[in-house]
1. Given N residues in the stretch 66-115, what is its alpha carbon radius of gyration divided by 2.2 N^0.38 Å?
2. Could you work out how much longer the chain between Phe86 and Glu53 gets when fully extended? Use 0.36 nm per residue separation minus the Cα distance between them, nm to one decimal.
3. For the stretch 10-115, which GluC sites (Glu not before Pro) are in a loop by DSSP, counting at most 13 other Cβ atoms within 10 Å?
4. Let me have the 222 nm mean residue ellipticity of the chain computed from DSSP H runs of 4+ only, each contributing -39500 (n - 2.57), with the sum over all residues rounded to the nearest 500.
5. Could you give the longest part of the chain that holds none of the trypsin sites (Lys or Arg not before Pro) found in DSSP loops with at most 14 neighbouring Cβ atoms within 10 Å?
6. What is the dipole size for the chain, taken about its Cα centre, with +1 at each Lys and Arg Cβ and -1 at each Asp and Glu Cβ, in debye to the nearest 20?
7. So which lysines can Lys60 reach, going by Cα to Cα under 27 Å and dropping same-chain residues fewer than 8 places off?
8. Report the gain in length on full extension from Met1 to Val79: 0.36 nm times residue separation, minus Cα-Cα distance, nm rounded to one decimal.
Amino acid sequence: MAALNTPLTPGAIFHSDRGSNYTSDAFARKLKSLNLRQSVGRTGVCWENAMAESFFSTLKNEWLNRFEFTTRSKARTRVVRYIEGFYNPKRLHSALGYRAPQEIEDEHQQPPLVA
């Protein structure tokens, strides 16, 4: 989804855990076709993926526990609504200097100023 919706910086790193979906040859080929580098966490080293784990914990505690889903489609819609409507544009993060992820992304997309 990120590759479809966001301009990705060539050579950016895609970091994941050792799930079979992320360690497959097909996934590695997809990352290569997108000019992304693959990074997979070591077994038993949970802090390498701490930011992702923190996000999923926040998603469950702040949003998903409020709803009961009858279909995958309804669950997906609620998750996207949370991420795109609140988490990215509004939620402040201590790891980002108490700024929202969208603010950091917007800053990153600005061309550098030249003197």
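Throughout, read-outs are computed from the coordinates displayed, never taken from laboratory work. Values in this document were obtained by computation on a predicted structure and should not be read as measured data. Note: ideal-geometry Cβ built from the backbone for every residue, glycine included; neighbour counts use all protein chains shown.
1. For the stretch 66-115, the normalised Cα radius of gyration is 1.59.
2. 10.1 nm
3. For GluC sites (Glu not before Pro) across the stretch 10-115 that sit outside H, G, I, E and B with at most 13 neighbouring Cβ atoms in 10 Å, the list reads Glu68.
4. Dividing the helical sum by the residues of the chain leaves -12000 deg cm²/dmol.
5. 43-89
6. Dipole size: approximately 440 debye.
7. Straight-line reach from Lys60, under 27 Å: Lys74, Lys90.
8. Answer, rounded to one decimal: 26.8 nm.
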